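Read the structure below first, then the notes.
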Amino acid sequence: QVQLVESGGGLVQPGGSLRLSCAASGSSFYFYGMGWYRQAPGKQRELVAFVADTGIITYEHSVKGRFTISRDNAKNTVTLQMNSLNPESTSVYYCNVRTPADYDYWGQGTQVTVSS
């Protein structure tokens, strides 16, 4: 059974940085896509960043240049480095793993709050 364990959320001031990590277990993830989504109160869950099994990376337009996603296939981890955070980044961030059949697994979510 696939399990995703997230870490690294918290409270940070505007302009600060946070690093989110997700450790996946229960399968071989080499051919899976891995990424991060977020969901703010009253809003739909949205893509933040995603790295396909091919290595192709997609970013939500507002995070380009500020966030960096990376994956380590040997360790089955995906990491999101978030810099220059602003209050609009406040959300619950979810780790996502997508199978070749487009089935999604989700982590439990980690809260990121950007506030002075």
* Inter-residue pairs, beta-carbon under 9 Å, first on the phi > 0 side of the Ramachandran plot and in the range 17-33, second open to solvent by less than 60 Å² (accessible area, probe 1.4 Å) and modelled with pLDDT under 95, 6+ apart -> G26/V2
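With respect to L4, is the statement that it is closer than 22 Å to S115 by Cα and either part of a loop (DSSP other than H, G, I, E, B) or in contact (Cβ under 8 Å) with a residue 24 or more places away in the chain (or both) true? Let's see the steps before the verdict.
Working: closer than 22 Å to S115 by Cα: no; either part of a loop (DSSP other than H, G, I, E, B) or in contact (Cβ under 8 Å) with a residue 24 or more places away in the chain (or both): yes.
Taking the combined requirement at face value, the residue does not satisfy it.
Given the structure, is G65 over 17 Å from C95 (Cβ atoms), of a type outside the set (S, T, Y) and without any contact (Cβ under 8 Å) to a residue 40 or more places away in the chain?
Values: over 17 Å from C95 (Cβ atoms): yes; of a type outside the set (S, T, Y): yes; without any contact (Cβ under 8 Å) to a residue 40 or more places away in the chain: yes.
Here the answer is yes, as G65 does meet what is asked.
Can you list the strands (runs of 3 or more DSSP E) found entirely within the range 52-108 that contain at least 1 residues being open to solvent by 40 Å² or more (accessible area, probe 1.4 Å) and touching a Gly at 6+ places or on another chain (Cβ under 7 Å)?
Working: elements: 57-59, 67-72, 77-82, 91-98, 104-106.
In the range 52-108, the matching strands (runs of 3 or more DSSP E) lie at 91-98.
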* To do: Could you please give the count of residues in the range 7-44 that are closer than 15 Å to S89 by Cβ and either assigned to a strand (DSSP E or B) or open to solvent by 50 Å² or more (accessible area, probe 1.4 Å) (or both)?
  => 16
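The values are calculated or read from the model by the stated rules, or taken from the named source; none is laboratory data. Computed from a prediction, not measured in an experiment: that's the story for all the values here. Every residue, glycine among them, receives a Cβ derived from its backbone with ideal geometry; neighbour counts consider all protein chains shown. What goes into the accessible areas is simple: the full protein's heavy atoms, side chains included, and nothing from ligands, DNA or RNA. Shrake-Rupley method; radii C 1.70, N 1.55, O 1.52, S 1.80 Å.
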